[in-house]
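Undergrad: Below you'll find the structure I mean.
The values are calculated or read from the model by the stated rules, or taken from the named source; none is laboratory data. Everything quoted here is computed from the prediction, not taken from an experiment. Backbone-built Cβ (ideal geometry, glycine too); neighbour counts: all protein chains shown.
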Amino acid sequence: MPQARSTSIAFVGAGRITRALAAGLRLVGDRREIVAYDRNPEKARAVRRESGVAIARDLTSAVQRAGILIVAVRPSSVAEVLSQVAQCGSLPTVCVSLAAGVPFSNLRRFLPPARWARAMPSPVCRVGRGLTALCFHRGMRKKDCELVRQLFGRVGQIVEIPERKFDAFTATYSSSHGYHALVSLASAAQRAGLDRKTALIAAAHALADGILYWRESGMDLGELLQEAATPGGIAAATMLAMDRTGYRRAVENGVAAGIAQALRNAETVRGNDKSES
């Protein structure tokens, strides 16, 4: 028998972030009912194979079993999916959107009775060490906010930020920055003569060890830079050359492009809503 609706989690969309969240929840011992629905049945079956979740036979079944409904679809699909959810009859009161760039004003246009939260979890939640940004619509009750906090808090750290800052945080915190830096640094090391394995080891330790030391030492980043980069040394020369060739400006441009994409995502949902009305 399925657990009570108030404790169950239903994912609409069974892509990579759903798989990561489900795996992370199971890893930390969360045994509540998790239901997944996706228009692509193979995606739902993949989550079931990995984490033992239930598969909903259709969207209505998923929605009506949900204590917390998590909308985990691409921003371009939000309008269509929420329009279909609105036709499913009995709706959960707590809904969480993982769609980057789609604000509460757009979400509430489709499901005005629902109490909405927005969440942006990292795929690293798969191993219980992720980071999730949360924001809550002013209509959320305290106990509903706590349900959402507890859910995402099980798979890593949470940080609550106002919606007006959500896009900037989303563009900044992605684990893709670490992967991109790792690939770039390791590739440069290979071109300098290291084999691929040694280059990756060196680059990974440069990134991971430095961040771990910063987090555990409590030292200021400026102090750490002075400690690690002796004037006239190799590290100092490396960083100076990177900055002179536009490293910091490139990062700023990247974050700005991410924010711009989030704004386009919101416009896409508004456009889809107009085309369906």
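Undergrad: Return the pairs, sorted by first residue and then second, in which the second residue is part of a loop (DSSP other than H, G, I, E, B) and surrounded by 14 or more Cβ atoms within 10 Å (Cβ to Cβ), the first residue lies in the stretch 184-213 and is in the same structural domain as Leu225 (by TED's automatic domain parsing), the beta carbons are less than 7 Å apart, and the residues are 6+ apart or on different chains.
TA: Sorted first by the residue in the stretch 184-213, then by its partner, the pairs are Ala202/Leu194.
Undergrad: Would you say Ala257 is within 23 Å of Lys165 (Cβ to Cβ), modelled with pLDDT of 95 or more and in a helix (DSSP H, G or I)?
TA: yes
Undergrad: Also, I was wondering about something else. Can you say whether Phe136 is more than 19 Å from Leu25 (Cβ to Cβ), assigned by TED's automatic domain parsing to the domain that holds Gly67 and modelled with pLDDT of 95 or more, as far as the supplied structure shows?
TA: Details: more than 19 Å from Leu25 (Cβ to Cβ): yes; assigned by TED's automatic domain parsing to the domain that holds Gly67: yes; modelled with pLDDT of 95 or more: yes.
Criteria met by Phe136.
Undergrad: Let me ask something else. For the stretch 173-201, give me the residue count where each residue is modelled with pLDDT of 95 or more, within 27 Å of Ala20 (Cα to Cα) and polar (S, T, N, Q).
TA: The qualifying residues number 1.
Undergrad: Give the number of residues within the stretch 54-66 that are outside any helix (DSSP H, G or I) and either at positive phi or touching a residue at least 40 places away in the same chain (Cβ under 8 Å) (or both).
TA: Residues in the stretch 54-66 being outside any helix (DSSP H, G or I) and either at positive phi or touching a residue at least 40 places away in the same chain (Cβ under 8 Å) (or both): 4 in total.
Undergrad: Conditions first: (1) farther than 21 Å from Gly156 by Cβ; (2) in contact (Cβ under 8 Å) with a residue 60 or more places away in the chain; (3) assigned to a loop (DSSP other than H, G, I, E, B). Ala100 passes all but one, so which condition is the exception?
TA: Result: Ala100 fails condition (1) only.
Undergrad: Also, quick follow-up: At least 3 residues that are closer than 25 Å to Ala260 by Cβ in each: list the helices (runs of 4 or more DSSP H) lying fully within the stretch 115-200 that qualify.
TA: In the stretch 115-200, 166-173, 176-191 are the helices (runs of 4 or more DSSP H) which contain 3 or more residues that are closer than 25 Å to Ala260 by Cβ.
Undergrad: For Gly67, only one of the following conditions fails: (1) surrounded by fewer than 18 Cβ atoms within 10 Å (Cβ to Cβ); (2) within 25 Å of His137 (Cβ to Cβ); (3) of a type in the set (Gly, Ala, Ser). What is its number?
TA: It is condition (1) that Gly67 fails.
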